[in-house]
Amino acid sequence: MTITYGKQYIDKLDEKSVISTLRSKKLTQGPQVTKFEKVLNKKFGSRYSCAVINGTAGLHLCGLALGWKKNDIILCSVMSFLAASNAVIYCGATPVFIDINEKDFNIDLIEVEKKIKKYNKYKRRVKALIATDFAGNPCDWKKLSLITKKFNVKLINDNCHAIGAKYYYKKNYASKYADIAVHSYHAVKNITTGEGGAVLTNDKKIHDKVKILRSHGVLKTKIKEKPWNYQMKYLGFNYRITDIQCSLGISQLKKLDKFVKKRNEIAKIYRKNFEGKNFFKTQYVKENNYHAYHLFPLLINFKKIGKKKWKLFDFLAKKNIFLQVHYTPIHLQPFYMKNFGYKKGDFPIAEKFFEDEISLPIYYNLSIKQVNKICYLIKAFLLRR
Ligand SMILES: Cc1ncc(COP(=O)(O)O)c(C=O)c1O
């Protein structure tokens, strides 16, 4: 059996849920979308949520709803998926990257404050900060909230990795501390709708705008004499998700706790095998946090050990085990180097992280036997002379 770094888990109840929607009257813009949004609010303690076609669209809608435009600066972690910074560019604003903290691999809070102050000095406005709960490990949201409030900067949680995580024992943290939280339900994420995402917030104004923008910026108001009436208020997009996808989301959400529990069991085995050992480093998790383990990043000092990363990939691939690396630091992507003048050396912590990181397989259906085999094979490869 092929082992990859992430995989969905679909059971009979998921199939039943999707089939019943396929046989229903509405395939899109129907009751399953509204129901999914309701259960999202219940599960994650948000007041409002708006399900969308994918997480990237959700991030784009955040920027549009908050009115990001030319000359606005939006701070983003350089070690994340490039969807957030791309969404900033879609809005015409400028993404400015921040390096990560070498302990928990999340955005560096000291650097965040320094950058905001630096731009304030030049009268350039930092309008928002997008922080990613990297791999599923919550950032220090209390501190981030204090910093952003102090400088009147909006705070977005790119929560795509952390579905099912807890911060200070609370699962409602994402929309509690950030103005907006964004989910992705791509197939490798902790729950899936195939492609999909959602924008969660406690702010009605933001929610109302996101909802209109999700569907072409069109507002339908009921007027007795004009039952056909609809008006386009903003330039929106078609970022609607279907009822078919939402019915899958509803049944997946029922399994989220057990999915994340299993991810934690797998992570425990990886930690037992690699933590505290020479050449290896794992992600620091605060005592009060519950990691959602979308990813399990393991750092291996390949240089010190005298082995090549690609050879480990090759060795495991021959045994049908396919690792990944999350991520190439965004500033080293050709587009960002060319258009924003970034270069190697700009974000040394993220660059070193990239050199050492491998993402170990982690998903609900991965057996403990397979996890042990992965650990054994990695150690055998690295330690053999
Ligand atoms: C951290 C992060 N943000 C945003 C996204 C974008 O989500 P989607 O693929 O649903 O557009 C992803 C997807 O991989 C992600 O990992």
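Scanning region 1-40 for residues that are over 26 Å from ALA162 (Cβ atoms) and part of a helix (DSSP H, G or I) turns up LYS12, GLU15, LYS16, ILE19, SER20, THR21, LEU22, PRO31.
Evaluation of GLN283 against the conditions (1) assigned by TED's automatic domain parsing to the domain that holds ASP140; (2) within 16 Å of the ligand (Cβ to nearest atom) shows that the sole unmet condition is (1).
Out of all the residues in region 159-188, which are within 12 Å of the ligand (Cβ to nearest atom), farther than 13 Å from LEU61 by Cα and buried (at least 24 other Cβ atoms within 10 Å of the Cβ)? Matches in region 159-188: ASN159, CYS160, HIS161, ALA162, ILE163, SER184, TYR185. For LYS309, the conditions (1) of a type in the set (Lys, Arg); (2) modelled with pLDDT of 95 or more; (3) out of contact with any Phe, Trp or Tyr (no Cβ under 6 Å at 6 or more places or on another chain) are fulfilled apart from (3).
Out of the residues in region 76-96 that are in a strand (DSSP E or B) and surrounded by fewer than 24 Cβ atoms within 10 Å (Cβ to Cβ), state the one that is farthest from the chain's Cα centre (by Cα). Outline the logic, then answer.
Residues of region 76-96 in a strand (DSSP E or B): 76-77, 94-96.
From the residues that got through so far, the ones that are surrounded by fewer than 24 Cβ atoms within 10 Å (Cβ to Cβ) too are 94-96.
Numbers: THR94: 20, PRO95: 17, VAL96: 18 Å.
So, considering only residues that are in a strand (DSSP E or B) and surrounded by fewer than 24 Cβ atoms within 10 Å (Cβ to Cβ), the one farthest from the chain's Cα centre (by Cα) is THR94.
Among the residues of region 343-362, the ones that are among the small types (Gly, Ala, Ser) and either in contact (Cβ under 8 Å) with a residue 12 or more places away in the chain or under 16 Å from ASN101 (Cβ atoms) (or both) come to 2 in all. Is region 26-33 home to any residue that is away from the ligand (no atom under 16 Å from the Cβ), farther than 24 Å from ASP208 by Cβ and in contact (Cβ under 8 Å) with a residue 24 or more places away in the chain? Within region 26-33 (the criterion being away from the ligand (no atom under 16 Å from the Cβ), farther than 24 Å from ASP208 by Cβ and in contact (Cβ under 8 Å) with a residue 24 or more places away in the chain), the answer is yes, since at least one residue qualifies.
Would it be correct to say that TYR239 is assigned by TED's automatic domain parsing to the domain that holds LYS43, aromatic (Phe, Trp, Tyr) and surrounded by 17 or more Cβ atoms within 10 Å (Cβ to Cβ)? Yes; evaluated as a whole, the condition is true for this residue. If the condition is being part of a loop (DSSP other than H, G, I, E, B) and in contact with a Pro (Cβ under 7 Å, 6 or more places away or on another chain), then region 302-359 contributes HIS326, PHE347.
Does THR56 satisfy the condition of being more than 16 Å from the ligand (Cβ to nearest atom), part of a helix (DSSP H, G or I) and either on the phi < 0 side of the Ramachandran plot or charged (D, E, K, R) (or both)?
No; evaluated as a whole, the condition is false for this residue.
Are any of the residues in region 189-204 surrounded by 19 or more Cβ atoms within 10 Å (Cβ to Cβ), away from the ligand (no atom under 16 Å from the Cβ), in the same structural domain as TYR90 (by TED's automatic domain parsing) and within 22 Å of HIS60 (Cβ to Cβ)?
Yes, region 189-204 contains a residue that is surrounded by 19 or more Cβ atoms within 10 Å (Cβ to Cβ), away from the ligand (no atom under 16 Å from the Cβ), in the same structural domain as TYR90 (by TED's automatic domain parsing) and within 22 Å of HIS60 (Cβ to Cβ).
In region 360-373, the qualifying residues are those that are outside any loop (DSSP other than H, G, I, E, B) and more than 21 Å from the chain's Cα centre (by Cα), and the one that is surrounded by the most Cβ atoms within 10 Å (Cβ to Cβ) is VAL371. The residue pairs whose first member lies in region 319-342 and is in contact (Cβ under 8 Å) with a residue 60 or more places away in the chain and at negative phi, whose second member is surrounded by 13 or more Cβ atoms within 10 Å (Cβ to Cβ) and of a type in the set (D, E, K, R), and whose beta carbons are closer than 7 Å, counting only pairs six or more residues apart or on different chains, are HIS326/GLU357; PRO329/GLU351; HIS331/ASP346.
Contact map, region 40-65: first residue within 21 Å of THR28 (Cα to Cα), second residue in a helix (DSSP H, G or I) and near the ligand (Cβ under 8 Å from one of its atoms), Cβ cut-off under 7 Å, separation 6 or more or different chains; pairs are VAL52/GLY58; GLY55/ALA83; THR56/ALA83.
The values are calculated or read from the model by the stated rules, or taken from the named source; none is laboratory data. Since this is a predicted model, take the numbers as computed values, not measurements. Ideal geometry is used to build each Cβ from the backbone, glycine not excepted, and the neighbour counts take in all protein chains shown.
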